[in-house]
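See structure below.
The values are calculated or read from the model by the stated rules, or taken from the named source; none is laboratory data. Keep in mind it's a predicted model, so treat the numbers as computed, not measured. Cβ sites come from the backbone with ideal geometry, for glycine too, and all protein chains shown count toward neighbours.
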Amino acid sequence: MKVALHLVEARRDRLAGLLQQHRYLPLQQLCRQLNISEATARRDLTALVKARRITRTYGGALSDFSNNFTSFAERQTKAEGAKKRIASAALHHLKPGMTCYLDAGTTILCLADALRHRPISSLTIVTNNLPVAEALAEVEGLEVHLIGGLLLGRQSVLLGDKACQGVRQWKFDLAFLGAEGMTSRGLFNSQEDVVHYQKIVVSRAACSAFCLDATKLGHEAAHFLLPWPRIDLLLTNATPKALKGKGIVLKTTQLNGLQS
């Protein structure tokens, strides 16, 4: 039986809305959410791709994250002072001879800038963050490795299956990462591919330090990243009182707080 055009369009609108909300959903999950077959889902996805409403990925669909999410350049100007203070605190955790991972994000770029001005000898830096790699590439005493993958231009980051494969080849003494939100449950990020990649990084790191300014406090994003017991260190300008007010109580070994 042929389905009426207005019903097909309504279903595709709902599909596009789901992908806008969740960024990434596997094909099987899309079928369950919409109660449709895989063949119908593929037809709908193809139609949405042709309409330039989504971008397809293998095994699922990825909304145009790079275009719809605030760009790297736009995010650089937000909470700039706090990010610099967090970066300065992070620098003290770096020791000569370490192999360190630097995540995507503007706070991590502040850390790279601090490291560029106060270099630490014999560091190996691994990153998927293009501005970080460029900032540190010519710094004496640093060995910089850029993880390959799918380039998201507006985000200045490399992601995807190849990036996941690449980062699995490393072991890190220390990994500095970012997130979009923190609540009593733990940390959140906006995009499932980012969360998947970051979990791999955490699994390869002896110590994972998350760098979040106070604007992230009390906010959830689309995808849950990690609970607090899985987080080794939080570097933030949010005060212990503000954290406690949101139900976040950490051991002193987990928190390196800075005054706002």
Within region 115-145, the residues that are surrounded by 18 or more Cβ atoms within 10 Å (Cβ to Cβ) and in a helix (DSSP H, G or I) are Leu115, Leu130, Pro131, Val132, Ala133, Ala135, Leu136
Of the residues in region 198-218 that are over 22 Å from Lys171 (Cα atoms) and within 15 Å of the chain's Cα centre (by Cα), the one that is modelled with the highest pLDDT is Leu212
Checked Leu187, Leu159, Leu146 against criteria (modelled with pLDDT of 95 or more, in the same structural domain as Leu111 (by TED's automatic domain parsing), out of contact with any Cys (no Cβ under 6 Å at 6 or more places or on another chain) and within 24 Å of Gln29 (Cα to Cα)); the one match is Leu187
Result of the Cβ filter at 9 Å on region 1-17, keeping first residues that are within 14 Å of Ala41 (Cβ to Cβ) and partners that are part of a loop (DSSP other than H, G, I, E, B) and small (Gly, Ala, Ser), at least 6 apart or interchain, is Arg12/Ala51; Ala16/Ala51; Ala16/Ser63
Log entry, pairs with first residue in region 188-212 being over 15 Å from Tyr101 (Cα atoms), second being of a type in the set (Asp, Glu) and assigned to a helix (DSSP H, G or I), beta carbons closer than 9 Å, six or more apart or on different chains, reads none
By residue number, the members of region 146-165 that are in contact with a Phe, Trp or Tyr (Cβ under 8 Å, 6 or more places away or on another chain) and either under 19 Å from Arg204 (Cα atoms) or of a type outside the set (Lys, Arg) (or both) are Leu152, Gln155, Ser156, Val157, Leu159, Asp161, Ala163, Cys164
The correct count of residues that are over 13 Å from Ala179 (Cα atoms) and in a loop (DSSP other than H, G, I, E, B) in region 95-112 is 4
Filter region 23-61 for residues that are closer than 23 Å to His223 by Cβ and assigned to a loop (DSSP other than H, G, I, E, B); the one that is modelled with the highest pLDDT is Arg53
